[in-house]
Amino acid sequence: MPEYIHTKITETALIVHPVFTNVPTLERGDNDQAMEEACGLAEAIELNVCHRLQVNINRINPGHLFGKGTRENIHAAIKQYKPNIVMINHTLSPVQQRNLEKQFDSKIIDRTGLILEIFGARAQTKEGTIQVELAQLEYQKSRLVKAWSHLERQRGGQSFIGGPGESQLEIDKRLIAGRISNLKKELIKVRQTRELGRKARERVPFPVVALVGYTNAGKSTLFNRLTNSNVFAQDLLFATLDPTLRRMELPSGREIILSDTVGFISDLPTHLIEAFRATLDQTKHADMILHLRDSTQTDYDAHKQDVINIMHDLGIEYESDERIFEVINKIDACSETRHEDIMHGAKFNDNIIPVSAVTGEGIEGLLEEIDSFLSRHSKSLSYELPLSDGKALAWLYQHAEVIQTQDGEDVNRILVHIDTANQNRFEGLFPYAPHEPRQDS
Ligand SMILES: Nc1nc2c(ncn2[C@@H]2O[C@H](COP(=O)(O)OP(=O)(O)OP(=O)(O)O)[C@@H](O)[C@H]2O)c(=O)[nH]1
Ligand SMILES: [Mg+2]
């Protein structure tokens with residue numbers, strides 16, 4: 001278990017969640033749930049929430065986000081609860097952040113900054129670490145903020161929040177730019193190595209099934225159940241950062257590679273999407289995408305929209321992409337009405353699969369659906385292989401369904417049922433093109 005789970009919590013945070021009163025209630029989402037999520041984000045980096053404050057904003061004050069009266073309320077709460085840091089569950093402009101810090105004489109972090117901190121604490125791989133640091137530096141470039149020793153200590157002086165005072169930060173801008181350019185170069189190198197690794201994996205001839213979804217939806221829990229693994233799964237936002245791939249066998253005997261990856265969140269900082277594009281892009285090439293949804297969330301539909309938006313940014317069109325299936329998770333714990341709705345919906349739509357990753361309910365159906373989708377996307381092809389190429393023949397026997405073989409003088413004509421992923425892999429590995437392709441009815 002990562003060490004941050006055991007670190008003693010010593011720092012406290014006041015969470016301020018702004019409610020924009022001129023936004024129609026329907027579009028606002030559930031404020032209690034948004035507040036819960038904000039606290040979850042703070043707890044994800046070991047901050048102890050000492051007080052939650054929901055404030056209304058009628059009109060955005062450009063210099064401070066909040067109007068004067070609201071700022072006084074927040075200030076009063078700061079004096080009463082004496083938090084080490086104030087988290088504003090919204091994006092602050094650098095000016096707003098600076099002004100609020102001045103007025104409150106307190107450290108302030110906005111939603112983006114906090115998410116970047118969490119990612120910084122979670123990054124494990126070389127590529128992940130560089131991606132996060134890049135995103136943090138891009139964010140920091142425009143910001144002059146107070147030192148925040150907590151994270152600096154925890155992360156061995158790497159925190160982007162900690163560090164020099166204002167005037168020095170000005171000087172450091174040049175250094176930051178230099179660091180960014182170095183990191184970019186390093187990232188290219190690391191990615192080249194990974195590309196090589198990916199090419200090697202592509203030769204592993206299994207279709208890839210990718211798990212995506214809002215953070216905390218249960219992706220890792222499901223991944224562990226399906227693959228008998230022990231990936232870190234926890235009631236913790238952004239428990240997973242780096243992608244994990246594992247091979248598994250479906251009931252039919254078909255083998256696939258399942259991938260678990262970083263979760264999404266509303267207002268995922270653009271810096272992070274950019275930085276993680278290469279990682280997230282892997283989803284784009286998956287043979288099948290399972291969108292895991294948390295049925296216990298009140299903001300269930302809003303979260304789906306967030307996922308749709310982020311996928312769109314990645315170039316995946318949710319509504320028209322037939323690789324996407326909705327796996328509705330935690331049906332052991334959702335409300336009765338929600339449960340009924342889901343079961344009803346699933347009856348009429350094969351692309352909706354209710355499951356519980358914890359109790360195992362619905363998992364069998366899910367596996368069948370994966371199997372059936374992958375086989376639907378198979379077609380019958382015939383290849384002519386020289387009799388001498390026993391390797392190619394063996395490969396087809398292992399990875400496709402061999403329907404018929406016909407030995408000729410010096411070629412072996414073989415008819416197989418094969419999915420697109422395997423077809424591509426086969427044709428990448430061996431120098432044969434199919435004859436008489438015919439689509440399966
Ligand atoms: N009741 C219930 N809880 C579940 C289920 N699946 C997952 N959970 C819980 O939900 C929490 C989050 O699970 P994870 O598997 O870490 O979620 P994740 O989607 O991987 O989250 P990130 O990696 O943070 O994006 C954990 O506390 C799980 O025990 C389920 O089917 N039912
Ligand atoms: Mg996870």
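Every number in this text was worked out from the coordinates using simple rules, so none of it is lab data. Worth saying up front: this structure is predicted, and the values here are computed from it rather than measured. Cβ: placed from backbone, ideal geometry, glycine included. Neighbour counts: every protein chain shown.
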Worksheet, complete the sentence: Low-density loop trypsin sites (Lys or Arg not before Pro), the stretch 311-420, at most 11 other Cβ within 10 Å, DSSP non-H/G/I/E/B, are none
Item to complete: Using only the C-alpha atoms of the stretch 205-375, find the volume of their convex hull and express it per residue in Å³.
Response: 110 Å³
Worksheet entry | Hydrodynamic radius (Kirkwood) for the chain, which is based on Cα pairs only, to one decimal in Å | 24.4 Å
Discussion item. Give me, ordered by chain and number, the residues 5 or more places off residue 328 or on other chains with an amide H under 5 Å from its own placed amide H.
Written reply: 293, 353, 355
Worksheet item: Taking residue 379 as the anchor, which aspartates and glutamates have their alpha carbon closer than 16 Å to its alpha carbon, excluding any fewer than eight residues away along the same chain?
Response: 287, 371, 401, 419, 427, 436, 440
Item to complete: Please compute the net charge surrounding residue 387, taking Lys and Arg as +1 and Asp and Glu as -1 over other residues with Cβ under 14 Å from its Cβ.
Response: -3
Fill in: Calculated diffusion of the stretch 3-122, Stokes-Einstein form, Kirkwood radius summed over Cα pairs, 10 °C and 1.306 mPa s, µm²/s
108 µm²/s
Worksheet item: To one decimal place, what Kirkwood hydrodynamic radius in Å is obtained for the stretch 378-438 from all pairs of distinct Cα atoms?
Response: 11.3 Å
Worksheet item: Out of the DSSP beta bridges found with both residues in the chain, what percent are antiparallel (nearest 5)?
Response: 40 percent
Worksheet entry | For the stretch 399-405, 3J(HN,Hα) per residue [Karplus equation, 6.51 cos²θ - 1.76 cosθ + 1.60, θ = phi - 60°, Hz, x = Gly/Pro] | 10, 9, 8, 7, 8, 7, 10
Discussion item. On a full-extension model of 0.36 nm per residue, what is the gain between residue 417 and residue 188, subtracting their alpha-carbon distance, rounded to one decimal in nm?
Written reply: 78.5 nm
Worksheet item: What ranking of 132, 358, 262 emerges when the number of other C-beta atoms within 10 Å of each C-beta is taken as an exposure proxy, fewest first?
Response: 358, 262, 132
Item to complete: Could you order peptides 210-218, 365-373 by the average number of other Cβ atoms within 10 Å of their residues, highest first?
Response: 210-218, 365-373
Worksheet, complete the sentence: For residue 185, counting only lysines whose alpha-carbon sits under 18 Å away and dropping same-chain residues fewer than eight positions off, the answer is 126
Worksheet item: Between residue 57 and residues 5 or more places away or on another chain, which pairs have amide H atoms under 5 Å apart, with H built 1.01 Å from N, and which residues are they?
Response: 19, 20, 21
Practice prompt. Using Cα positions and a limit of under 18 Å, work out the lysines in reach of residue 79, with same-chain residues fewer than 8 apart set aside.
Written response: 68, 102, 107
Worksheet item: What is the chain's relative contact order, in percent, from Cα pairs under 8 angstrom and six or more apart in sequence?
Response: 11 percent
Discussion item. Please list 3J(HN,Hα) in residue order for the stretch 252-266, calculated via the Karplus relation 6.51 cos²θ - 1.76 cosθ + 1.60 where θ = phi - 60°; whole Hz, with x for glycine and proline.
Written reply: 6, x, 5, 9, 9, 10, 9, 10, 10, 8, 4, x, 9, 8, 5
